[in-house]
Amino acid sequence: MLKHLAHVNVWVHDQNEALGFYTKKLGMELRDDVTVAEMGNFRWLTVGLPGQPEVALALMAVPGPPVFDTDTADQLKVLLAKGAAGGLFFATDDCQASYQELKSRGVEFTEEPSKHPYGIDAAFRDPSGNQIRVAQTT
């Protein structure tokens, strides 16, 4: 049966730009960076949080044919740019401190930390448009 979640797919427009954002700005570590020539130079690029080796983000370029037809790939790219292609939620013990740290690294927030029934959270987007939230639960 299933053991645990290992990888989460994150669509990106540019893998190099995404790698820089997730490692330099968010403090994640590079896990895998492998190009497979036999698969049309497919690049398997993963990053993860230090101290959480069992889960990694797969920073995936939006593929064209044969994975997606051209129209589907184009539609996905449009949705991604609008922030409508999924999102990530990170936990923190101190949302305000995480907000200040990430902001000092150049992360541009779309929502400052605010209180909600579930806790305090803040929001930003990665360079491809993915919605990301940082939450401190109460």
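The values are calculated or read from the model by the stated rules, or taken from the named source; none is laboratory data. It should be emphasised that the depicted structure is a prediction, and the values quoted were computed from it without experimental measurement. Neighbour counts are summed over all protein chains in view; Cβ atoms, including those assigned to glycine, are modelled from backbone coordinates with ideal geometry. Areas reflect the complete protein model, heavy atoms only, side chains present, ligands, DNA and RNA absent. Shrake-Rupley method; radii C 1.70, N 1.55, O 1.52, S 1.80 Å.
Scanning the range 79-138 for residues that are among the aliphatic types (A, V, I, L, M), in contact with a strand residue (DSSP E or B) (Cβ under 6 Å, 6 or more places away or on another chain) and modelled with pLDDT under 95 yields L80, A85.
For beta carbons closer than 6 Å, sequence separation of 6+ or different chains, a first residue in the range 121-135 that is touching a residue at least 40 places away in the same chain (Cβ under 8 Å) and farther than 13 Å from L80 by Cβ and a second that is open to solvent by 10 Å² or more (accessible area, probe 1.4 Å) and part of a loop (DSSP other than H, G, I, E, B), the qualifying pairs are V134/T92. When you check V107 against the structure, is it farther than 17 Å from V12 by Cα and either touching a helix residue (DSSP H, G or I) at 6+ places or on another chain (Cβ under 9 Å) or among the β-branched types (V, I, T) (or both), yes or no? When the stated conditions are applied, V107 does not pass them. Among the residues making up the range 1-38, a single one is modelled with pLDDT of 95 or more, open to solvent by 70 Å² or more (accessible area, probe 1.4 Å) and of a type in the set (K, R): K24. Just to verify a result, which residue in the range 14-46, among those that are part of a helix (DSSP H, G or I) and farther than 26 Å from A91 by Cβ, is farthest from the chain's Cα centre (by Cα)? Of everything passing the filter in the range 14-46, E38 is farthest from the chain's Cα centre (by Cα). Residues in the range 39-59 that are open to solvent by 30 Å² or more (accessible area, probe 1.4 Å) and not aromatic (F, W, Y): M39, G40, N41, R43, L49, P50, G51, Q52, P53, E54, V55. The strands (runs of 3 or more DSSP E) falling completely within the range 47-138 that include 2 or more residues that are farther than 19 Å from H7 by Cα map to 109-116, 119-125, 131-137. With the requirement that a residue be over 19 Å from A18 (Cα atoms), open to solvent by 40 Å² or more (accessible area, probe 1.4 Å) and of a type in the set (A, V, I, L, M, F, W, C), what does the range 86-137 give you? Of everything in the range 86-137, those that are over 19 Å from A18 (Cα atoms), open to solvent by 40 Å² or more (accessible area, probe 1.4 Å) and of a type in the set (A, V, I, L, M, F, W, C) turn out to be A91, A97, I120.
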